[in-house]
Amino acid sequence: MVWDTFKDGIDAVLHPEHIRVTKMSVGDSLAMYYKFSVIPLVLLAIVALGAGFLLQGVLAATGLLNGVIGGSVALLAVAGVVVYVWGIVPIGLLVFSVIVHWIGKGLDTFKGDYGATFNAAVYGMFGPLAVLWLSVLPVIGGLIQLIAFVWSIYVLVVVLGLEHKTTRIHTLVVLVAAGVVIWLVTQLVAGWVTLGFLGLVVGPLVGAIAGTLATVGHITLPAVGGGAV
C-alpha cells in the first residue's frame with residue numbers, strides 16, 4: 001500500500017493535470033502524506049547513514065574523529081529529518097492551507113472546502129519530498145531541491161484549480177496574495193520576538209547599569225589631607 005501511494009504520488013507530480021479529484025478529508029490527505037513519505041525517508045536513511053559511516057571510517061582512520069561520535073551524528077541527522085517530515089511539515093501545511101483557503105474564499109475564487117485546499121497542498125509537497133534523499137549530495141542535491149520546489153508551485157496551482165473548479169490564473173493570484181500575507185505575518189512575529197528579546201535582555205541590563213550609576217553617585221569620597229591644623 002505504501003508503494004502504491006508513492007507511485008500514484010509520483011505520477012501526480014509528473015502529470016498534475018491528470019489527477020482525478022475525489023472528495024478527501026483532512027485525515028485522508030494526512031494519511032496519504034505519511035504513506036508517501038515512508039519511501040523517501042527510507043532512501044534518505046540509507047544514503048545519509050551510508051555516507052555518514054563512510055566519512056566516519058575515513059576520519060577515524062586518520063585519527064580526526066572517534067567512530068562512535070561519527071555514527072551518532074549520522075543517526076541524529078536522520079532522526080532530525082524524520083521529526084521535520086512527520087511533525088513540522090504537516091503542521092506547516094495545515095497552517096498554510098488555512099491562509100490560502102481563507103484568501104481563496106475571500107476573493108470568491110474557491111468553491112470547495114478546506115479539505116480540498118489541504119489536499120492540493122499535500123500534492124504540492126510530494127515533489128520536494130520525493131527527492132529529499134538526494135539533498136545529501138553536495139551542490140547537486142541543493143539544485144535538485146530547488147527545481148523540485150519550483151515545480152511544486154506549478155503542481156499546487158494545477159491541483160488547486162482542479163479541486164476548486166477555477167482557472168490557474170485565479171489560483172495563482174490567490175497564492176501570491178497568500179505569500180504576501182504569510183510574509184507580513186512572519187515580519188510581525190519576528191518583530192514581536194525581537195522586541196520581547198530586547199525587553200528580556202536589554203531592559204534588565206539597562207536597569208542594572210542605571211542602578212550601578214546611581215549607587216556610585218551616592219558614594220562619598222574621603223577627604224584628602226583632612227587633618228586639623
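Points worth noting:
- Subset of segment 108-137 that is aliphatic (A, V, I, L, M), part of a helix (DSSP H, G or I) and over 21 Å from residue 30 (Cα atoms) - its residue that is least open to solvent (accessible area, probe 1.4 Å): 134
- Residue count for segment 138-190 satisfying the condition of being open to solvent by 30 Å² or more (accessible area, probe 1.4 Å), farther than 15 Å from residue 107 by Cβ and part of a helix (DSSP H, G or I): 22.
Conditions (1) in contact with a Pro (Cβ under 9 Å, 6 or more places away or on another chain); (2) of a type in the set (Lys, Arg); (3) over 19 Å from residue 118 (Cβ atoms), marked per residue:
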residue: 142; (1), (2), (3): no, no, yes
residue: 154; (1), (2), (3): yes, no, no
residue: 162; (1), (2), (3): yes, no, no
residue: 165; (1), (2), (3): no, yes, no
residue: 169; (1), (2), (3): no, no, yes
residue: 174; (1), (2), (3): no, no, no
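- Only residues that are free of Cβ contacts under 8 Å to residues at least 60 places away in the same chain and under 20 Å from residue 132 (Cβ atoms) were counted across segment 7-45, and they come to 11.
The values are calculated or read from the model by the stated rules, or taken from the named source; none is laboratory data. Note that the structure is predicted; figures quoted are calculated from it, not measured. Cβ atoms come from the backbone with ideal geometry, glycine included; neighbour counts cover every protein chain shown. When the accessible area is computed, the model is the full protein with side chains, heavy atoms only, and any ligands, DNA or RNA have been set aside. Shrake-Rupley method; radii C 1.70, N 1.55, O 1.52, S 1.80 Å.
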